[in-house]
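Below you'll find the structure, written out as structure tokens, and then a few comments.
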Amino acid sequence: MEKKYRLMVLAFSGVPFIMVLGNSMLIPEFPQIKSALNISQFQVGLFITAFSISAGITIPFLGYLCDQIGRIKIIVPALLLYGTGGIISGLAALFLDNPYGVILCGRVVQGIGAAGTAPIVMALVGDIFQSQQRSEVLGIIEASNGLGKVLSPILGSAIGLISWIALFFSYAILALPIAAGVWFWGEEKKEPQKQGFKEYLANIKGIFEEKGLSLIATILAGMLVLFILFGLLSSFSDTLETKYHIKGFTKGLVIAIPILFMSITSYSTGHILKKIKKYFKLSIISGMILVTGMLVLLYYMDSLYTYLLFFSLLGIGTGLVLPSVNTMVTSSCSTSQRGVITSLYGAARFIGVAIGPPAFTTLQEISKLTMYFGAAGISALILILALIFIKEKGMTPRKDAQGG
């Protein structure tokens with residue numbers, strides 16, 4: 001890969017990294033925030049909800065817009081808006097007597113900014129890189145996303161040693177260099193194609209008429225594994241404290257282990273798919289079988305070491321699924337339509353991450369058996385849909401295409 005493309009990939013990989021920090025970096029400091037603002041657990045949880053819902057709603061609209069005016073013209077302002085939301089929340093916490101409402105508004109602004117980050121980068125990668133390089137670069141993007149998930153609770157705890165307020169300002173500090181990197185090192189593959197909204201919807205309708213069930217099943221697979229991963233991480237975090245009495249920085253390191261396995265697998269899978277240029281569906285199905293099987297086995301695990309082993313295998317399954325889904329989604333349509341398709345996929349990912357923890361908590365309140373086997377049942381259902389409906393034809397990079 002040429003130097004300019006290496007720098008480009010470096011800048012692009014910073015975008016999903018900072019997006020992931022948006023929620024996960026705050027979670028370790030929730031007790032301090034709740035105490036300082038004198039708010040309930042439900043209210044502090046709304047910091048996550050406000051971010052995720054605003055992002056999920058905004059993503060499809062920015063997807064359409066980026067197809068019209070260009071990807072980078074959306075990504076860079078979105079990163080700056082993401083940082084601005086953090087500044088709004090931070091200043092409110094510093095200077096207002098009752099800052100909760102303004103902090104919540106800042107989180108909404110951050111969510112809107114996050115909507116224009118990672119999903120749009122996936123579309124841009126799909127534009128610039130073809131064939132085998134697309135799979136490799138999307139693997140790097142997914143690994144960066146996973147690395148952000150691994151490091152975010154550790155970074156949150158470290159920054160929180162200064163003050164929980166510093167967390168909000170850190171978003172702006174991190175967003176600025178990444179925005180500059182995308183602006184100076186990124187490039188558009190071709191000029192955006194302007195078209196009317198009705199024509200645009202007709203084109204999208206055409207995609208779903210041709211590849212609808214295959215595309216929907218592929219997106220559902222990506223949404224499902226993130227739903228399970230984050231739901232299980234939320235439950236695991238409580239279990240570490242209540243059952244194994246592991247807290248603080250050590251707990252963050254233990255939680256990071258399954259995500260680290262997921263990140264390594266994501267990168268490796270993308271690299272392998274780059275070389276063989278096939279078996280995307282096999283990778284998805286294999287990963288989902290592993291995820292479903294591990295959910296069943298985790299119910300029977302009592303030792304922390306064996307639980308962590310099987311949870312790490314579930315992370316590997318997730319890492320097998322996501323790069324293949326990313327590649328198939330970005331390859332399922334033309335450049336002019338890619339923004340909205342990847343944005344819809346990005347919205348699905350946000351929804352999966354957002355509903356995972358409360359869904360697993362609700363199932364766990366019924367019983368431990370209900371949580372594990374209920375999740376395994378949902379996973380098995382999506383696995384069957386994926387097995388039946390996902391088709392590689394027309395949804396994978398052309399073998400004769402050249403890398404960027």
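Distance from the Cα centroid of segment 138-193 to that of segment 62-121 is 13 Å (rounded to whole angstrom).
Across segment 132-162, the residues whose backbone nitrogen lies under 20 Å from the label position 7 Å along the beta-carbon direction of Lys278 are 132-136.
Let's see if you can work this out: charge +1 on each Lys and Arg Cβ, -1 on each Asp and Glu Cβ, no other charges. What is the dipole magnitude of the chain about its Cα centre, in debye to the nearest 20?
Dipole about the Cα centre, nearest 20: 880 debye.
The reciprocal of the average 1/r between distinct C-alpha atoms defines the Kirkwood hydrodynamic radius, which for segment 279-404 equals 16.2 Å. Maximal additional length on extending the Asn38-Leu387 stretch stands at 120.7 nm, based on 0.36 nm per residue less the C-alpha distance.
Site pair Leu10 and Thr49 shows an inter-label distance of 4.2 nm when each label is modelled 7 Å from Cα along Cα→Cβ. Each residue, Met301 and Phe208, gets one label point 7 Å from its Cα in the Cβ direction; the gap between the two is 3.8 nm. Under the rule a/c < 1.5 gives rounded, and otherwise a/b versus b/c splits prolate from oblate, where does the chain land using the Cα gyration tensor? Because a/c hits 1.5 or more and a/b fails to exceed b/c, the chain counts as oblate. The tail of the calculated P(r) for segment 1-126, taken as Cα-Cα distances beyond 18 Å, holds 54 percent of the pairs.
In terms of surrounding Cβ atoms within a 10 Å radius of their Cβ, Asp67, Asp238, Asp127, Asp302 rank from fewest to most as Asp302, Asp238, Asp127, Asp67.
Between Ser268 and Glu188, the modelled labels are 4.0 nm apart [label points 7 Å from Cα along Cα→Cβ].
No lab work stands behind these numbers, since they all come straight from the coordinates. The model shown is predicted, which means the values in this text are computed figures rather than measured ones. When we count neighbours, we look across all protein chains shown, and the Cβ atoms used for this are built from the backbone with ideal geometry, even at glycine.
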